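See structure below.
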Amino acid sequence: MNILFYGRAVAVGALLTSLLSCTSHSTPGSESQAPGGAPRTVRPVAGCGSGSWTDPSDLSPTRAPARCDTGTPAAVPLSKPRKVTIATGTLSAEYVAPLEVALDKGEFKKEGLDVTLKVLPTPDSLPLLAKGDIDALWAAPEAAVVNGVRGGFDIRWVAGNFSPDPKSKSGLWVKLGDGENADQVKMAGRRMGTMIGKGSVIAYPMEKALKSHGGGLDRIQYQQLGSADVLTALQNGGVDSAWLLDPVWRRVDGKPGYAFLGGQPLGEPLGGMLYGPSLLNDDVDAGVALLRAYIRTVNTYFAGDYKSDATFVTYLAKLLKTDETILRSTPSLRMDWEIRKGTTDRLQAAYKAQGAVEGGSLPESKTVNRTLYEEAVGHRP
């Protein structure tokens, strides 16, 4: 399950003030660079053919995610072992599974990487990432990240994580009033229960769902609740709408009086790996190696409907320390390391509508770097 995928919205103003003096590195926005600023050499990679890269501008919901052959791209061990710390908000969510499998199966070690997965909420991780005290963050380009980059933090979104299966109904649910149905629901003025609050990546898909039903991010009331309380509040009338994640939505799916209004866009990851200066600038080889191990893990274990393999689901449930029945109750995530064109533009527009960011939209060159995963699969633009 991916209950904690979207993280928590945070304010980083005070942290920016105290930490900007420590984060003055210059980060390449759209090009990986070798030491000294020269462009890095990208070579073809065995097992990663034309299907290992897709056009970022292809926003089709039926777009097939990029894939290499099983077991590829092969490891290219670093000349010296490198310790890497990746922060994540949870180790039990399904979207973290590729990292945990890579660690358990030794995929990181093959690259000469000694990886530690450290559980830290985004508010605590972000300044550490910007200072280089941790190397990567498995989260999302939330409003706090955008605000941090605008203030000088050296952070880029470098790889995607997943998009939902078309059968998933993780997203915005509403309790229907008299005379309402899924096609006729007025959302303006509704009280929404959410564990996220403002400034999370769900603002983007939520805005789309609200606008189609006479609402908007600035026309609803937010009630922040604990993860265990969102569904209860929706059921007992404490709120009349809620953002329900896997597998919570199963509890209301098909029941009279509830309607699903929309969720995360198909074929468009909204989170994944974020790098700070240590892997963007100081040790790009390690940054590529980390993504190569992640991509190899996806190609080997998560290339398709991984939940059709009963043995693997049992293994995954034990690894994630989650209930196997719950894990089986939702469709497989579509693991996807690529980042679509314009995603951070759309996210920033939604954050602005919520009042979570100020100023103009940052260009992709300030928020995204695709070249590291492109190098890992041998794609030369």
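The values are calculated or read from the model by the stated rules, or taken from the named source; none is laboratory data. These numbers were taken from a predicted model, which means no experiment stands behind them. Cβ placement follows ideal geometry from the backbone for every residue including glycine, while neighbour counts extend to all protein chains displayed. Only protein heavy atoms, including side chains, enter the accessible area calculation; ligands, DNA and RNA are left aside. Shrake-Rupley method; radii C 1.70, N 1.55, O 1.52, S 1.80 Å.
Amide H contacts of Thr85: Thr116, Asp135, Ala136, each under 5 Å away and 5 or more positions distant or on a separate chain (H built 1.01 Å from N in the peptide plane; Pro and chain starts excluded). Each 10 Å bin, from zero up to the one with the longest distance, holds this percent of the alpha carbon pairs of the chain: 5, 24, 34, 25, 10, 2, 0.
To the nearest 0.05, what FRET efficiency results for Asp183 and Lys341 with a Förster distance of 30 Å applied to their C-beta separation?
On the way: r = 31 Å, r/R0 = 1.04.
Efficiency, rounded to the nearest 0.05: 0.45.
Given +1 at the Cβ of Lys and Arg, -1 at the Cβ of Asp and Glu and no other charges, the dipole of the chain around its Cα centre is 180 debye to the nearest 20. With the charge dipole of region 231-381 set up from +1 on Lys and Arg Cβ and -1 on Asp and Glu Cβ about the Cα centre, the Cα lying farthest toward the positive end among the listed residues Phe260, Tyr351, Gly271 is that of Phe260.
Just subtract the alpha-carbon distance of Arg380 and Thr314 from 0.36 nm times their residue separation and send over the number in nm, one decimal.
Difference between extended and current length: 19.9 nm.
Computed on region 33-135, the Cα convex hull volume stands at 178 Å³ per residue.
By accessible area, using a 1.4 Å probe on protein heavy atoms only, the chain has 51% of its surface on carbon and sulfur. Where both bridge residues fall in the chain, DSSP classifies roughly 55% of the beta bridges as antiparallel. Summarising the label geometry, the points placed 7 Å from Cα in the beta-carbon direction at Val119 and Ser329 lie 2.1 nm from one another.
Put a dot 7 Å past the Cα of Tyr222, heading toward its Cβ, do the same for Leu59, and the two dots end up 2.3 nm apart.
Dipole check for region 40-120: with +1 at the C-beta of Lys and Arg, -1 at the C-beta of Asp and Glu, and the Cα centre as origin, the magnitude is about 420 Debye.
For Arg156, nonlocal amide neighbours, meaning residues 5 or more places apart or on other chains whose placed amide H falls under 5 Å from its own, are Tyr275. Determine the alpha carbon to alpha carbon distance for each of Lys198/Lys321; Lys169/Lys307; Lys83/Lys109; Lys83/Lys118 and list only those over 20 Å. Correct reply: Lys198/Lys321. Evaluated with a Cβ-only charge set (Lys, Arg +1; Asp, Glu -1), region 50-179 carries a dipole of roughly 140 debye about its Cα centre, given to the nearest 20.
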